[in-house]
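One structure is given below, encoded as structure tokens.
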Amino acid sequence: MGPPFTNFVVDGVTTLNPGDNATVSASFDGMAVRLTFGIPRDGDGMPGPQGEVTNTQLQAAIDGSSANSNSVTMLSFGANPSYDSAQMQEVIAKINELISALRR
């Protein structure tokens, strides 16, 4: 078995803005494949996965999650003992309103 075909050299890594696509460029100088990478940073301003949250941050997120449905008002009627298509449509609309409020 002979020597390796070539060597690889990382010439540099650039931190890109959040949301940018990662990039890589490669060139061959006759002896080595030269690579340059662009890696987007996360919303926390650092490359790679976001860091851990504190217990205070976690508790604040948990405490606020129930408030997502506060804008949805209660239905103002009881169940009609016979099928009422208008009442059923109102129930469907209320369920859809609740689902929209709970989405983030």
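Evaluate the following for ALA61: is it closer than 29 Å to ASP42 by Cα and in a helix (DSSP H, G or I)? Answer is yes for this residue.
Scanning the stretch 27-46 for residues that are out of contact with any Lys or Arg (no Cβ under 7 Å at 6 or more places or on another chain), part of a strand (DSSP E or B) and either exposed (fewer than 12 other Cβ atoms within 10 Å of the Cβ) or at pLDDT below 85 (or both) gives PHE28, ALA32, ARG41. Residues that are at pLDDT 75 or above and surrounded by 10 or more Cβ atoms within 10 Å (Cβ to Cβ) within the stretch 62-76 comprise SER69, SER71, VAL72, LEU75, listed in sequence order. Pairing each residue of the stretch 77-102 that is under 24 Å from ALA67 (Cβ atoms) with any residue that is among the hydrophobic types (A, V, I, L, M, F, W, C), provided the two are 6+ apart or on different chains, yields C-beta distances under 6 Å for LYS94/LEU75; GLU97/VAL72; LEU98/VAL72; ALA101/VAL72.
The values are calculated or read from the model by the stated rules, or taken from the named source; none is laboratory data. Because the structure is a prediction, the values reported are computed rather than measured. Neighbour counts run over all protein chains shown; Cβ positions are idealised from the backbone, glycine included.
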